[in-house]
Amino acid sequence: MRGILQLLDLSKREADVYVFLSKYGPQTVHSVSARLKIERVQTYRILKSMQEKGIVEATLEAPTRFSSVPLGSLLDVLIETHKSEARMLETEKNELVEYWKSLGKGIVDYPLAKFRVLVEQKKINEEVMRMIEETKEEGFILTSSSGVIHDDIIGTLDSMVSHAKKTPDIQLKVLTFISKDNQSIISKATKALGSKKQNMQWRHIDLGAKAFPQFVIKDGEETLLHVSREEKLASIGPLDTGLWIRSRMFTTALKEAFMEMWRNATPAENRIEQLKTGKPIEESYVIREPAEAQKKLKQILDSAGKNIMTIMPSNGLKSLLETKLFLEYSKKNLEFRIMAPIDLDNLAAAQELSETFQIRSVPISYLTMLTVDNRHAFIFRTSPLEGEIHVPFHWENIFYTNDNRYVERISEMLNDMWKRGMTLDDIVSSPNEREKSISVSSVDTVAAVIDIMLKNNINPVVVVDGEKPMGIVSQRDILEKIVKGGRNPAKTLSKEIMSFPVVAVDAEEPIAEALATMKKKGPDKIIVFKEGKFAGVLSGGQSSKTKT
């Protein structure tokens, strides 16, 4: 009986409900749901759909009970509908045949890509069912949350499970948004597979937009695309349209896109566990598309409740100021820390950002990372054209994780760098407040200079004649003029290899001005004087030097 009813346009679930109501009389939604083991929400949707089709009737009492129309009346209506369609086709048959003949002869069926438009949900359902039942090796399905419910109602899901169980080595992969509404359906389907559950795998993906293309791929040969909206469920109108395509090139490209989503998706069992317990899913994956990366970062930043910490290249500070990327989050009660190498080029930007965020300077970094609440971490690629970038982060191929093992290590590393970093107060203070340099005599041997540098862990040293600085000896000078030059350090004096002339600044002059002097006059190190006497050395990387 159920098979006959399905031939007359009733879905599998609708046929089950009709037979049940015919056998047991008027029933409530709860009774139908319990006896047929269908989710209560789905049962209600099925009954409403059947009511709209005139298959069942509802009582005015509370709670509402549903009853089936007499089978004879139902068959009369359905048979007359099909007869009407058949008479229309018969009337137009001769005209259609003549028109077809007029199109020409000698048409050859070349092995070209083909497509066919399917109008009405019924035809789409039938095509999906055919493709699944004919799949021999692999099938890929992308569907919506309500699509899973719809497939369960019309029996497509039962066919998928049955085909996966009886077909050796078949691989069916289903991507969908797993929600509280459909999780029990997926769990039931997985359980029904038994030992064959590897033949049909499910994964969760956040599909985002309300309307999106759904598709089925069969054995790398055929594809069926159709668009559905989340608010449409079991009863989908006649305007739904699908596109069937037979093209290996198109199907291969779509399969690659599917597998990219599959790799980044969450196993169904993890998602279902999250829905049951409320515990976040631990996941780690690469986000390749810039738009998706920006969306993910915004989603995590919006959820921030405690702290945000990031490290970026030096040009990131200017970009951060220009784009105002983090400005909206400064109004939240968050601890917001930003680290970057600070030099003369970005000092002004750092000072302006420091009015809103905590800023520290760290040694030159090729890493760009960000953590949120010590629960989420992003690692960004450094752009090969870093100097030309006008955004704080390079958005392609970013790595995201909320796996506690990784996030904890990244957070510890960033916190350690923060402790060693320099505040802006340190940077704009006078050179006199910095770590002092060590001087050596102009007649000291290079061997003695090397011993002093190693003992004090310092580079460079200033060469003096009495109290007058004459030049600087650095590791580079030793490597180039002693090691590479093949000279004996025990017989070579420091004044013979020192770099000179030197540029000097006063100890009370702000470092920002000292760096400007350095940039203007060229050397990468300048000597600091206090009250006319040697006080120390300031290097071009001084503002990025970590504390000891």
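This table checks each residue for (1) in the same structural domain as ILE398 (by TED's automatic domain parsing); (2) among the polar types (S, T, N, Q); (3) more than 22 Å from ARG420 (Cβ to Cβ).
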position	(1), (2), (3)
ASP302	yes, no, yes
SER314	yes, yes, no
LYS318	yes, no, yes
GLU335	yes, no, no
ASP343	yes, no, no
ALA350	yes, no, no
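The residues in segment 355-375 that are more than 23 Å from ILE410 (Cα to Cα) and touching a Ser or Thr at 6+ places or on another chain (Cβ under 9 Å) can be counted, and the count is 1. Screening segment 304-331 for residues that are among the aliphatic types (A, V, I, L, M) and in a loop (DSSP other than H, G, I, E, B) and picking the one that is modelled with the lowest pLDDT gives LEU325. Set side by side, the residues ILE79, ILE46 differ, and just one is at pLDDT below 80, surrounded by 11 or more Cβ atoms within 10 Å (Cβ to Cβ), under 23 Å from ILE154 (Cα atoms) and among the hydrophobic types (A, V, I, L, M, F, W, C), which is ILE79. Among the residues of segment 445-458, is there at least one that is hydroxyl-bearing (Ser, Thr, Tyr), modelled with pLDDT of 85 or more and closer than 17 Å to PHE500 by Cα? Looking through segment 445-458, none of the residues is hydroxyl-bearing (Ser, Thr, Tyr), modelled with pLDDT of 85 or more and closer than 17 Å to PHE500 by Cα. Within segment 295-309, the presence of at least one residue that is surrounded by 15 or more Cβ atoms within 10 Å (Cβ to Cβ), out of contact with any Ser or Thr (no Cβ under 8 Å at 6 or more places or on another chain), within 30 Å of LYS180 (Cβ to Cβ) and charged (D, E, K, R) is confirmed. Helices (runs of 4 or more DSSP H) fully within segment 132-208 that include at least 2 residues being assigned by TED's automatic domain parsing to the domain that holds GLY220 and closer than 27 Å to PRO280 by Cα: 145-154, 183-193.
Filtered by the rule that a residue be without any contact (Cβ under 8 Å) to a residue 24 or more places away in the chain and either in contact with a strand residue (DSSP E or B) (Cβ under 9 Å, 6 or more places away or on another chain) or not hydroxyl-bearing (Ser, Thr, Tyr) (or both), segment 33-52 gives ALA34, ARG35, LEU36, LYS37, ARG40, GLN51.
The values are calculated or read from the model by the stated rules, or taken from the named source; none is laboratory data. Because the structure is a prediction, the values reported are computed rather than measured. Every residue, glycine as well, gets a Cβ built from its backbone with ideal geometry; the counts of neighbours run over all protein chains shown.
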